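Here the structure is laid out as structure tokens; the discussion comes afterwards.
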Amino acid sequence: MRRVVIAVIAAAAALAFAPAPTLAGPPLARVTGSVSKGFPNSGKLVGGKRWKNTRWARQRAGRAGSWGTPQMIQLLQSSAHKVAQRYPRSVLMLGDISARDGGHLPGHHSHQSGRDADVGFYVRDAAGRPLQLERFVRFDAEGVAVGDKRAHFDDARNWELVTAWLGDGRVEVRSLFVAGWLKARLLKRAEQAHAPKTLIERAQLVMMQPPNAEAHDDHFHLRIACPSGQKGVCFDDSLDRTPHAPAGISAPSGDGG
Ligand SMILES: [Zn+2]
């Protein structure tokens with residue numbers, strides 16, 4: 001009963017900040033049963049969906065952030081499944097998404113509203129065979145793991161993952177934080193694989209090394225756009241807290257891991 005009351009209050013609160021209802025669709029809470037509130041670095045998650053491990057995707061042990069919007073969970077699962085279909089024995093390794101109700105998640109600035117996820121890179125050995133590591137490892141510009149020469153950044157599978165994210169059609173990728181030198185490897189792979197020009201241009205745009213945060217050379221930080229129908233409640237990008245920033249909302253920056 002208490003859960004129902006909370007859900008009703010949450011839905012009412014969400015609607016209070018929503019744009020005036022139109023004839024276009026049902027009220028917010030009935031669209032997805034979940035609301036991504038506020039900003040990635042100042043927000044909440046209402047009615048989030050819990051991550052469940054599968055054969056092709058699992059979360060690192062001991063993570064507190066196992067909740068996301070249904071769209072995020074669906075995107076992570078379907079993209080990992082696509083990669084595993086093309087490259088058997090692929091297992092995506094997930095880091096944090098968000099806490100159950102969103103809000104501050106230890107070790108992160110963002111990850112507050114169910115639309116950010118840390119995703120480990122696919123790794124191969126020197127012979128090209130999938131290598132399953134139990135932690136995130138950093139890769140240099142040659143694609144070799146720092147401190148572990150047997151592990152290589154798997155250009156083909158990581159590009160396949162980016163392709164699955166950008167080609168989903170149901171979810172819009174807002175940004176994808178990754179180190180500049182790994183972005184260069186992925187774009188090179190895209191050219192080699194004769195990826196469509198529009199896809200390469202889109203990848204060029206969304207992949208970025210955040211200027212005021214860690215380089216993201218040991219994982220992707222995936223951020224998806226607000227669910228449709230939640231404009232006015234949900235804001236795509238982080239709130240800029242730097243003192244000299246122009247008023248308003250910045251492009252993704254300083255988000256940490
Ligand atoms: Zn992150």
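The values are calculated or read from the model by the stated rules, or taken from the named source; none is laboratory data. What you see is a predicted model; the values in this text were computed from it and never measured. Cβ atoms come from the backbone with ideal geometry, glycine included; neighbour counts cover every protein chain shown. With ligands, DNA and RNA removed, areas are computed over all heavy atoms of the protein, side chains included. Shrake-Rupley method; radii C 1.70, N 1.55, O 1.52, S 1.80 Å.
Miscellaneous remarks
- On the beta carbon distance between N53 and V146, with R0 = 25 Å, the FRET formula returns roughly 0.35.
- Across K82/K188; K149/K188; K37/K188; K82/K197; K44/K188, pairs whose alpha-carbon gap is larger than 27 Å: K37/K188; K44/K188
- Annotation for R135 and H104: the two label points, set 7 Å from Cα along the Cα-Cβ direction, are 2.6 nm apart.
- Length-normalised contact order for the stretch 2-224 - Cα pairs under 8 Å, 6+ apart - percent: 17 percent
- Filtered trypsin sites (Lys or Arg not before Pro), the stretch 144-197: DSSP coil and at most 10 other beta carbons within 10 Å: R170
- Accessible surface calculations at 1.4 Å, restricted to protein heavy atoms, place the stretch 2-224 at 49 Å² per residue.
- Around the amide H of L239, modelled in the peptide plane, lie the amide H atoms of N41, S42, all under 5 Å away and 5 or more residues distant in sequence or on another chain.
- ³J(HN,Hα), Karplus 6.51/-1.76/1.60, whole Hz, each residue of the stretch 64-77, x for Gly, Pro: 7, x, 10, 10, x, 5, x, 5, 5, 4, 4, 5, 5, 5
- Heavy-atom accessible surface of the stretch 2-224: percent carbon and sulfur, 1.4 Å: 55 percent
- Considering only S113, W67, G167, and ranking their Cα positions along the charge dipole of the stretch 2-224 that arises from unit charges at the beta-carbon of Lys, Arg, Asp and Glu, the one farthest toward the positive end is W67.
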